[in-house]
Amino acid sequence: LQVVPTPSHRGPTVWALIDRTRTRAGREALRERLLAPPHQAADILALQRAHQYMAAAADDYRVLLGRAATDLFE
């Protein structure tokens, strides 16, 4: 299973399974994270804590992002 699509690869990729981004900046950030994941335990744990924090406040983020009309920006 390829991580990101390449011109020479056909078939499923991790990218196709998880990419739900709506902006170019989001796609670029996701691609960068997939191609250069953290390797140190402290960095991985920091990302996990950040994700947990954001997940706990997901409804608040959704409201704020909705008010910001982020779909209008690239």
Number of the condition not met by residue 11 [criteria: (1) open to solvent by 90 Å² or more (accessible area, probe 1.4 Å); (2) out of contact with any helix residue (DSSP H, G or I) (no Cβ under 8 Å at 6 or more places or on another chain); (3) not in a helix (DSSP H, G or I); (4) not aliphatic (A, V, I, L, M)]: (1)
How many of the residues making up segment 18-34 are open to solvent by 60 Å² or more (accessible area, probe 1.4 Å) and not in a helix (DSSP H, G or I)? 2
Cβ pairs under 9 Å, 6+ apart or interchain, first in segment 6-27 and touching a residue at least 40 places away in the same chain (Cβ under 8 Å), second open to solvent by less than 70 Å² (accessible area, probe 1.4 Å), ordered by first then second residue, are 22/70; 23/70
Quick check on residue 53: is it in a helix (DSSP H, G or I) and open to solvent by 100 Å² or more (accessible area, probe 1.4 Å)? yes
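The values are calculated or read from the model by the stated rules, or taken from the named source; none is laboratory data. These figures come from a predicted structure and were not determined experimentally. Cβ coordinates were reconstructed from backbone atoms using ideal geometry, including for glycine residues, and neighbour counts include every protein chain displayed. For accessibility, only protein heavy atoms count, side chains too; no ligands or nucleic acids. Shrake-Rupley method; radii C 1.70, N 1.55, O 1.52, S 1.80 Å.
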